[in-house]
Amino acid sequence: MTDPGPEPLTRWHRLAGTSVLLDGFHALKHAVRFGAEVPVAVTADRRAALALADELAPDVRETLDALLTEVPEAVYRSLVARPHPTAVAALAVRPAREASLRALARTPRTAPVVVLDNPRNLGNAGAVIRLAAGFGAAGVVTTGTLDPWHPTVVRGGAGLHFATAVERLDIGELPYGPVFALDPEGEDIRGLKLPDEAVLAFGSERSGLSPALRARADHLVALPMRPQVSSYNLATSVAMTLYHWSATGGTPA
Ligand SMILES: C[S@@+](CC[C@H](N)C(=O)[O-])C[C@H]1O[C@@H](n2cnc3c(N)ncnc32)[C@H](O)[C@@H]1O
């Protein structure tokens with residue numbers, strides 16, 4: 001094993017409180033691929049991590065090779081709350097709020113922005129960010145108290161926070177564009193074409209769309225659902241809506 005020396009761990013402890021934890025190989029791979037600044041990355045098994053890079057990420061293999069420092073298993077375990085099966089962890093710099101706001105304000109917009117109105121479930125938020133990245137959405141905005149950069153959200157998002165703009169905003173600060181708010185009482189989505197500039201808003205798991213978001217909405221849109229079923233899961237609703245956007249002419253980047 002290569003001697004890690006004191007530097008990577010010193011750097012880790014210095015940055016841990018203010019950085020984004022990338023938990024596992026896939027989160028690190030995605031973050032690097034989408035341009036994250038990664039000041040420190042460790043693994044308990046460098047050979048296995050680089051074998052994964054050879055197999056799954058040859059495009060960033062060289063960068064990962066330069067970044068990864070092997071540390072003893074016990075040290076790796078002391079750095080993360082829940083060890084990941086790939087035994088890889090890294091810290092990335094969280095993008096500045098101004099940079100996210102610039103990305104959300106960019107014109108022309110080529111794909112919608114997703115808004116989660118006061119989401120409560122960290123896993124849902126992560127799944128939505130992963131979806132937004134996959135569909136090339138312009139960003140994911142949350143309202144309310146949930147931090148969309150919480151480590152559990154980043155874990156659920158598989159490091160894809162760096163592939164789209166992710167920011168928490170007040171409803172009064174939503175990006176430009178017509179607001180299509182998703183609600184079972186709305187107009188059937190199958191008769192609509194969602195524009196690239198759309199702001200697609202989804203309500204909270206507990207109480208649906210807030211009165212403030214409803215007041216801001218230009219259109220209320222429903223996903224097809226059999227009578228007697230109350231609603232779909234939040235992330236599932238985002239998936240169906242982004243799929244509808246892409247299936248009716250939208251082009252994932
Ligand atoms: C779990 S649901 C919220 C359920 C909540 N109990 C309520 O009263 O609305 C979370 C969000 O997913 C979206 N959603 C779920 N099912 C939907 C449907 N059939 N049509 C449109 N949006 C839906 C809505 O934006 C909703 O606010």
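Scanning region 201-216 for residues that are without any contact (Cβ under 8 Å) to a residue 40 or more places away in the chain and more than 7 Å from the ligand (Cβ to nearest atom) returns P211, R214, A215. Here the condition is being assigned by TED's automatic domain parsing to the domain that holds N118 and within 11 Å of the ligand (Cβ to nearest atom); of L174, L242, L146, L220, it holds for L220 alone. For G156, state whether it is touching a Leu at 6+ places or on another chain (Cβ under 7 Å), over 22 Å from P108 (Cβ atoms) and away from the ligand (no atom under 16 Å from the Cβ). Considered against the rule, which asks whether it is touching a Leu at 6+ places or on another chain (Cβ under 7 Å), over 22 Å from P108 (Cβ atoms) and away from the ligand (no atom under 16 Å from the Cβ), G156 comes out as yes.
Applying the criterion of at least 3 residues that are of a type in the set (V, I, T) to the strands (runs of 3 or more DSSP E) found wholly in region 50-130 leaves 113-117. On inspection, D188 does not qualify as in contact with a Gly (Cβ under 8 Å, 6 or more places away or on another chain) and within 12 Å of the ligand (Cβ to nearest atom). When region 14-45 is filtered for residues that are part of a helix (DSSP H, G or I) and either surrounded by fewer than 20 Cβ atoms within 10 Å (Cβ to Cβ) or assigned by TED's automatic domain parsing to the domain that holds V166 (or both), the ones remaining, listed by number, are R14, L15, H26, R33.
The values are calculated or read from the model by the stated rules, or taken from the named source; none is laboratory data. Worth saying up front: this structure is predicted, and the values here are computed from it rather than measured. So basically every Cβ, Gly included, is an ideal-geometry build from the backbone, and we count neighbours across all protein chains shown.
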